[in-house]
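Working notes, beginning with the structure itself.
Every number here is computed from the coordinates shown, using simple stated rules; none is lab data. Quick caveat, the model's predicted, so the values are computed rather than measured. For neighbour counting, all protein chains shown are included, and Cβ atoms are generated from backbone atoms with ideal geometry for every residue, glycine included.
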Amino acid sequence: MNKKYFLIGSLAFCQFMAKAQTVPDTSVFKPSKTDIELVYNHYLQNGHNSAVTGGIGTEKLVVYGPAINLKKSKSSHQWLLNTGADIITSASTDNIDFVVSSASKHDARIYVNPGYVQEIPSKKISVKGGLGFSMESDYLSVSALAGFSKESNNKMRSFSAQIQVLNDDLRWGRVNSGYYRPVRLIYPKELRYREWYDQYKRHTYNLKLGLTQIINKRNTAGIFPELTFQNGLLATPFHRIYFKGDIQAVEKLPDKRWKFALALKWNAFLGGRTVLKNTVQFYTDDFGIRSFSYENETAFKINPWISLIPNIRVFTQKGSRFFAGYKEHSINDRYYTSDYDLSTLQTITGGLALKYDPHYRLPKKLWLHSLKLRYQYMNRSNGLTGHIISLVVGMGRE
C-alpha cells in the first residue's frame, strides 16, 4: 500500500549491469546482442511510527520483488525493457481497504517500462525515449521520458539531459473483485463519513542534467542537478492525523511542491584491484526539508572473476515544517502530517556485495556473464530498520 517503503526494496538494484566483456581463454566468446538481467529483491522492514495510524504503530513490512531487464542491441539501436512485480505484506494497512482486511494485508504492484536508444556515432550523440506503467489496487502511474547525451570529440567529457512526466491516479478498485476499475480514494475506516479531497490525481515533472569529466586515467568526476515540480493530491489520504484533544483527520499537505537535488560523484581507480565510487548529494524542497547524504562503494577485485563490494551511506535530514508526531498537531494548523519520512532524522545504511563474472557458455547461445549477491542493512534514528537482499543474474545472447 505505502509506496514510499516498498520502492526502497523493489527499485534499489533494478539497473542494467550485465555487459559483454572479453576475458582470457575465451576465444570463442562473442559480444552478446541481447543482455538479460534477472533480479530478485527481498526487503524486510520494522518500526513503530506508521503514518497509517497517525505516527504510532507497526511499520512491519515484507516485499518480494522479482524483475527482469532486457536490452536488445542492433547496430546503433537499443531496445530496453524493465518489468517486474512487488508483492507486499504489511500489517500497517489493516482496516484501510474497503474490503475487510487481516492483520497481515497483502497487496501487489506490477510495472512495465519499455525504452529505446538511438545512437548517432558521427556526432557522438545518443537520444533516448521511454514509457512507464505501474499499477496496484489504489495506484496507477503512467509516465513518459525523453533525453539525450553528448560526448566530446576527445571522449573526455559528456553531457546528458532527461525530462520525465508522471501522471498518477490514486483511486482504489482496479484489481479488486467486483470492481476492476477506479472507484474512490481510500480513507481510514472511521473517517469515511465525508470526502476529504475533491481531487485524485498527482502530476510530476522532472528534469535531470549531468556533466561527467574524465580527469585522468585514474579519476572521473560528475555533477548531476535535478529539478522536480509536483501538483495535485500530494498527501496520502489513508494516513491518519491525531490532533491534541483526540480529534482525528486525514493527512493534509499543499497541492504544489518544488524539489531540487544536486549530486556530486567521484570515481577513482587506486591501482591494483581497487575502485572507489563516491557520491555526495544535497536536497531541498519548499516543504522545508533539507538533507545531505554521502555514499561510498569500494570494489576489491580478488581475482579476474570475483569482486567484493562493500558500501556505506550516511543520510541526515531536517524535517518538514508540516510534520508533528502523534497528538502533537494543533487543530489550527493549515497543513499536517505524522509521516516520519518527512521528519528530522538520520539514517545509516551499510552492506556487502559479492560479484562473480564467470562468462560461462550456456545452451541456446546464452552466456552467463555475472552473478551478484548483495545484502544491506538500514537503521534510522526513529527506530526504523530494514534488510535488503538482492540477487542479480546477468546473461547475454549472441
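Please state the relative contact order of segment 3-397 as a whole percent: Cα pairs under 8 Å, 6+ residues apart?
The normalised contact order for segment 3-397 reaches 14 percent.
Under Stokes-Einstein, with the Kirkwood radius over Cα pairs standing in for Rh, what whole-number D in µm²/s applies to the chain at 25 °C and 0.890 mPa s?
106 µm²/s
Based on Cα positions only, what radius of gyration and what Dmax would you give for segment 285-398, in angstroms?
21.2, 68
Give the share of C-alpha pairs in each 10 angstrom bin for segment 147-213, from 0 to the last occupied bin, in whole percents, shortest bins first.
16, 26, 19, 15, 14, 8, 1
How long are the three semi-axes of the equivalent ellipsoid for segment 264-339, computed from the Cα gyration tensor as the root of 5 times each eigenvalue, in whole Å, largest first? Display every interim value, and only then the final one.
Values: eigenvalues 364, 33, 8 Å².
Calculated on Cα positions only, the semi-axes equal 43, 13, 6 Å.
Counting Lys +1, Arg +1, Asp -1, Glu -1, what net charge surrounds Tyr205 among other residues with beta carbon under 12 Å of its beta carbon? Intermediate values should be presented prior to the final figure.
Values: positive: Arg202, Lys208, Lys256, Arg257, Lys259; negative: Glu226.
Spelling it out: positives minus negatives among the neighbours equals +4.
In segment 117-191, what chymotrypsin sites (Phe, Trp or Tyr not before Pro) fall in a loop by DSSP, with at most 16 other Cβ atoms inside 10 Å?
Those satisfying the criteria are Tyr179, Tyr180.
What are the ³J(HN,Hα) couplings of segment 194-208, residue after residue, when phi is run through the Karplus curve with 6.51, -1.76, 1.60 and θ = phi - 60°? Round to Hz, x for glycine and proline.
8, 8, 7, 9, 9, 9, 9, 10, 9, 10, 10, 10, 10, 10, 10
I need the shape label for segment 228-280. Rule: rounded when a/c is under 1.5, else prolate if a/b > b/c, else oblate, with a, b, c from the alpha carbon gyration tensor.
The shape class here is prolate.
Beyond 23 Å between alpha-carbons counts as too far, so tell me which of Lys208/Lys256; Lys60/Lys256; Lys277/Lys355; Lys150/Lys265; Lys155/Lys259 fall in that bin.
Lys60/Lys256; Lys155/Lys259, as the Cα separations exceed 23 Å there.
Segment 117-173: which trypsin sites (Lys or Arg not before Pro) are DSSP loop and have at most 12 other beta-carbon atoms within 10 angstrom?
Lys155
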